[in-house]
2 protein chains.
Amino acid sequence: MLSNVQTSKTIKSTKEKILEAALELISRYGYKGASVRKIAKAVGVRESAIYNHFKNKDEIFQEILKSLFSSDFSDFFEKKPIEENAKKGKKFLMEYAATVKLATFDPKHEKLFKIVLLELMQNKEVREQFLNYFYDNNIKKLSHVLFLMMQEGLIRQSDPMLMAREFFAPLFYLRLEVTLLRVDEKSTVTLSTMFEKHVEFFWESVAVRA
Amino acid sequence: MLSNVQTSKTIKSTKEKILEAALELISRYGYKGASVRKIAKAVGVRESAIYNHFKNKDEIFQEILKSLFSSDFSDFFEKKPIEENAKKGKKFLMEYAATVKLATFDPKHEKLFKIVLLELMQNKEVREQFLNYFYDNNIKKLSHVLFLMMQEGLIRQSDPMLMAREFFAPLFYLRLEVTLLRVDEKSTVTLSTMFEKHVEFFWESVAVRA
DNA sequence: CGGTTGCATGAACAGACGTTAATATAACCG
DNA sequence: CGGTTATATTAACGTCTGTTCATGCAACCG
């Protein structure tokens, strides 16, 4: 038993190192640019050792892809019943924006986001997961909340789907801009306050005045 | 003279073919994925012939980059004095959205847009041109028009810069989605109507009711 | 006509790539 | 202790990469 634990610990340790190094390098140089040799060097091992842990380079990438859309923020909507969220009105939208902001500046999520951008055009799987994720898990669920807010009389009547996109898109664009600036280590102070400003503006745009 | 014209015609012809092929291949496979041999093959020539027209691969890419942000749509704001645009109110925003829509579906601009997305994370020059272009040439100028609209009493008072971003971001996100769907030759009919819907929604959000 | 120039070819280079095979070195199990 | 198993190394493979060079051909100029 002990031996088994230790063995699998050793495996996990190197395997994890490989995944970490791959995440780092792929998020910087893209899938093609992150060569097996570079990854091996970052781990501190020869390239052939990689193949004791992964069948090939693609398997490493697939492993990373799995963590792409199964991260902490995917279950944002599952924390509380959706009806409860709807009643909170603007406060809910603020929380949502705060979550996006958090992901934007969180190192792990930033890397994953970069990989998405890097491989979006090249990798069909990434593309489909991207569209699915952002559509189903964000816009669709957002539109549900907005629909309920309309029924509560909190916001004006409109197409919930359209409204969800209008709320989501500026957050996405903001995230993109911040990520780009951070690549060149430029300041993002101006942009970082815009997550909240966006919610304010949006709420002014849709709120039904009492 | 005649000889000179013919010579430069021949040069231009092959050089143009190279640029066309490079644009096509780079927009599909990215800079790294579009090898000199692939480009040469697409032109119908051996790879060494490429070097009669370009110093190296990077020079080809630079040539394409030049056309990136100097395309027809850059001078959208220069067609008419900005004050005139402001007075048109919603109609101006419709025209702007129509221009983005046009660029989204135009093959040449679609390829350039793909290249931007592909190289955004890898190429500092693309990154800076992207931020400059979208910031200066779109958001900044949009905010100017919106500011004038506020003064005209057409739209409500707010931060023009913020408002410009709110108007621009959904168009950008829309363009991204459409481009992604078209890569896999999926239908974009639902999305293509959203350019106008966005303007409608935005106008409802900011217009001062008479 | 003879020479220069423009543009193509074929062959080769050095390096990077993903991957594999033979081998070594431990640590574990019975 | 002896054998198995996990993990590392070294070396090599075939292929692709960007680029160069010597060469050939054809069109132009004086």
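The values are calculated or read from the model by the stated rules, or taken from the named source; none is laboratory data. A quick note: this is a predicted structure, and the numbers were derived from the prediction, not measured. Positions of Cβ are generated from backbone atoms using ideal geometry, with glycine treated the same way; all protein chains shown enter the neighbour counts. Quick note on the areas: whole protein, heavy atoms, side chains included, nothing else; ligands and nucleic acids left out. Shrake-Rupley method; radii C 1.70, N 1.55, O 1.52, S 1.80 Å.
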- Note on the structure: The residue from A:SER35, A:SER27 that alone is under 19 Å from A:PHE113 (Cβ atoms), out of contact with any Pro (no Cβ under 6 Å at 6 or more places or on another chain) and at pLDDT 95 or above is A:SER27
- Hey, any hits in the range B:162-175 for a residue that's under 29 Å from A:LEU181 (Cα atoms), facing chain A (nearest Cβ under 10 Å) and surrounded by fewer than 18 Cβ atoms within 10 Å (Cβ to Cβ)? no
- Task: Return a yes/no flag: does the range A:112-120 have any residue that is over 20 Å from B:LYS114 (Cα atoms) and within 11 Å of chain B (Cβ to nearest Cβ).
- Result: no
- Quick check, is B:LYS80 away from DNA strand C (no atom under 16 Å from the Cβ) and either open to solvent by less than 20 Å² (accessible area, probe 1.4 Å) or closer than 27 Å to B:LYS32 by Cβ (or both)? no
- Message: For the structure I just gave you, tell me whether B:SER70 is farther than 28 Å from B:TYR96 by Cβ, away from every other protein chain (no Cβ under 14 Å) and free of Cβ contacts under 8 Å to residues at least 40 places away in the same chain.
- Response: no
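For the range B:39-154, which helices (runs of 4 or more DSSP H) that fit wholly inside it have 1 or more residues that are of a type outside the set (A, V, I, L, M, F, W, C) and under 24 Å from B:LEU180 (Cβ atoms)?
B:57-68, B:90-105, B:107-119, B:124-134
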- Item | Any hit, the range B:183-197, residues being among the hydrophobic types (A, V, I, L, M, F, W, C), open to solvent by less than 20 Å² (accessible area, probe 1.4 Å) and not in a helix (DSSP H, G or I) | no
- Task: Give the residue that is nearest to the other protein chains (Cβ to nearest Cβ), with candidates limited to residues of the range A:23-63 that are open to solvent by less than 40 Å² (accessible area, probe 1.4 Å) and away from DNA strand D (no atom under 14 Å from the Cβ).
- Result: A:GLY30
